[in-house]
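Structure first, commentary second.
The values are calculated or read from the model by the stated rules, or taken from the named source; none is laboratory data. Here the structure is a predicted model, which is why all the values come from computation and not from measurement. Heads up, the Cβs are rebuilt from the backbone with ideal geometry, glycines too, and the neighbour counts pull from every protein chain shown. For the accessible areas, the whole protein counts, side chains as well, though only heavy atoms, and no ligand, DNA or RNA atoms are used. Shrake-Rupley method; radii C 1.70, N 1.55, O 1.52, S 1.80 Å.
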Amino acid sequence: MPRSTLTPDQIVRSAIALLDEEGLDGLNMRALGKRLNAAATAVYWHIKTKDELVRLAADAVWTGVDLADPGRSGWRAAAADTARSLHATLIRHPWLSQAFGGYLLYGPGKSRHDDHTLAVYESAGLSPADADRAAATVLTYVLGSALAPAALVSLNRRLAAGGPAAARSLDEAMGHAVEIARDFPRLRDRIETPAADYAATPEDSFEFGLKAILDGFEAMLGERS
């Protein structure tokens, strides 16, 4: 495809699909050009660097986060629903939570989300400074909760690329991890449970943590009133 017929939107949408399939390490202009049936130089004509491409792809994904209206459901329900939507988005696009560690992510999509969450916590009665802290607390929690599934996707991708040797290496490492865990009583009790799986978390742990955070905000508001 000639560069004159490519559009930035086409490039970004293809980049998101490539990132979903191959992760951050699999994104490069040559692979993206092949996906678009275009030369890598045609991609460079519109988007100059991988950093810029990741930023644009991330911001496009952020626009898909549902923003619940506190005026209709109340601040707590809006905060919870918005956090759930962001969490679901991060699970669908595992590379996004990992991108926070190595890329500067900004744009209208992320700003739309950030401005909305500040409005939610201000509608609860928090001061602007405390709304900043509340929004940052929930964002950090949501990102952290999505890292384990993202790590599992990355690990499975590496195992698939490494073949039988990589699978054997993982089995050996997991065996060593189990032996170490046997020296610690609470970990030993959980060795035969689902929680012992790599990157596993107890069922409903995201909802448990989100409720605890919002309970804390609500208690703080109650004390002040």
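Output the residue which, of all residues in the stretch 28-58 that are touching a Phe, Trp or Tyr at 6+ places or on another chain (Cβ under 8 Å) and open to solvent by less than 20 Å² (accessible area, probe 1.4 Å), is modelled with the lowest pLDDT. So, considering only residues that are touching a Phe, Trp or Tyr at 6+ places or on another chain (Cβ under 8 Å) and open to solvent by less than 20 Å² (accessible area, probe 1.4 Å), the one modelled with the lowest pLDDT is Met29. Of the residues making up the stretch 121-133, just one is open to solvent by 30 Å² or more (accessible area, probe 1.4 Å), in a loop (DSSP other than H, G, I, E, B) and touching a helix residue (DSSP H, G or I) at 6+ places or on another chain (Cβ under 9 Å), namely Gly125. Among residues of the stretch 94-114 that are within 11 Å of Leu56 (Cα to Cα) and among the charged types (D, E, K, R), those with a beta-carbon under 8 Å from a residue that is at pLDDT 95 or above and crowded, with 18+ Cβ neighbours inside 10 Å at least six positions away or on a different chain give the pairs Lys110/Ala58; Lys110/Asp59; Lys110/Trp62. In the stretch 1-29, the residues that are of a type in the set (Lys, Arg) reach residues that are modelled with pLDDT of 90 or more with C-beta atoms within less than 9 angstrom, at least six apart or across chains, in these pairs: Arg3/His46; Arg13/Ala57; Arg13/Ala60.
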